[in-house]
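Okay, structure first, notes after.
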Amino acid sequence: MKFKLFSLIILSIIFSCKNEKLKKVSNDDYKRWDELEIETRYQTLTIFKFSDSAEFINVKYDKGIYEIPPKYNNKKIEKKVILFTKQERDSLSKYIFQSVIKPSFTNTSATDYVGNVSLKFKRHNMNLICEYYSVGDWTEISEETKKIFNIINSKVEISKQ
């Protein structure tokens with residue numbers, strides 16, 4: 001009897017808790033971001049919402065020395081500060097957000113794993129990420145990725161592969 005009463009109380013507590021429904025993604029959700037990141041094989045661009053400057057890191061390697069495992073001598077790590085206007089940052093957030101919530105599925109496959117890109121939309125305690133591997137020219141995946149590339153490439157040379 002006590003066990004039935006106890007289990008009934010526990011079940012009523014569990015099922016009486018407020019159940020919040022998931023909200024649909026709205027068109028204005030892209031405006032609520034803290035950080036955007038675009039990462040290719042050797043380059044990383046990090047954009048912060050409340051800063052007009054972005055950090056660009058470009059890693060260049062010397063030719064590999066054939067050994068097992070292969071050795072690469074780190075030739076140079078270039079760090080640059082790039083300035084984006086508010087409109088450019090807002091456009092990038094919109095295009096990255098659209099790319100992440102509605103990714104384009106592609107049958108394109110490149111040899112030697114060429115064409116990697118990672119698009120990250122970060123907000124407070126949440127990260128949305130879309131990664132493409134071996135797609136060749138990543139700017140041809142969708143209209144959004146082409147626009148992302150055009151905005152970034154107007155400021156700094158970024159790899160398409």
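The values are calculated or read from the model by the stated rules, or taken from the named source; none is laboratory data. Quantities reported herein were computed from a predicted structural model and do not represent experimental measurements. Positions of Cβ are generated from backbone atoms using ideal geometry, with glycine treated the same way; all protein chains shown enter the neighbour counts.
Checking Ile82 against (1) under 13 Å from the mean Cα position of the chain (by Cα); (2) in a strand (DSSP E or B); (3) not hydroxyl-bearing (Ser, Thr, Tyr), which test does it fail?
So Ile82 meets the others, but not (1).
Specify the residue that is surrounded by the most Cβ atoms within 10 Å (Cβ to Cβ); the eligible residues are those in region 135-161 that are closer than 16 Å to Gln98 by Cα and basic (Lys, Arg).
Lys147
Looking at the structure I just gave you, is Phe121 under 16 Å from Lys160 (Cα atoms), at pLDDT 90 or above and either surrounded by fewer than 11 Cβ atoms within 10 Å (Cβ to Cβ) or not charged (D, E, K, R) (or both)? First the steps, then the outcome.
Working: under 16 Å from Lys160 (Cα atoms): no; at pLDDT 90 or above: yes; either surrounded by fewer than 11 Cβ atoms within 10 Å (Cβ to Cβ) or not charged (D, E, K, R) (or both): yes.
For Phe121, the condition - under 16 Å from Lys160 (Cα atoms), at pLDDT 90 or above and either surrounded by fewer than 11 Cβ atoms within 10 Å (Cβ to Cβ) or not charged (D, E, K, R) (or both) - is not met.
Failed condition for Asp112, given (1) surrounded by fewer than 18 Cβ atoms within 10 Å (Cβ to Cβ); (2) part of a loop (DSSP other than H, G, I, E, B); (3) modelled with pLDDT under 85, with all others met?
(2)
Sort through Tyr95, Tyr132 and tell me the only one that's surrounded by 18 or more Cβ atoms within 10 Å (Cβ to Cβ), under 16 Å from Thr44 (Cα atoms) and touching a helix residue (DSSP H, G or I) at 6+ places or on another chain (Cβ under 8 Å). Talk me through it step by step, then tell me what you get.
Values: Tyr95 fails: under 16 Å from Thr44 (Cα atoms).
The conditions single out Tyr132.
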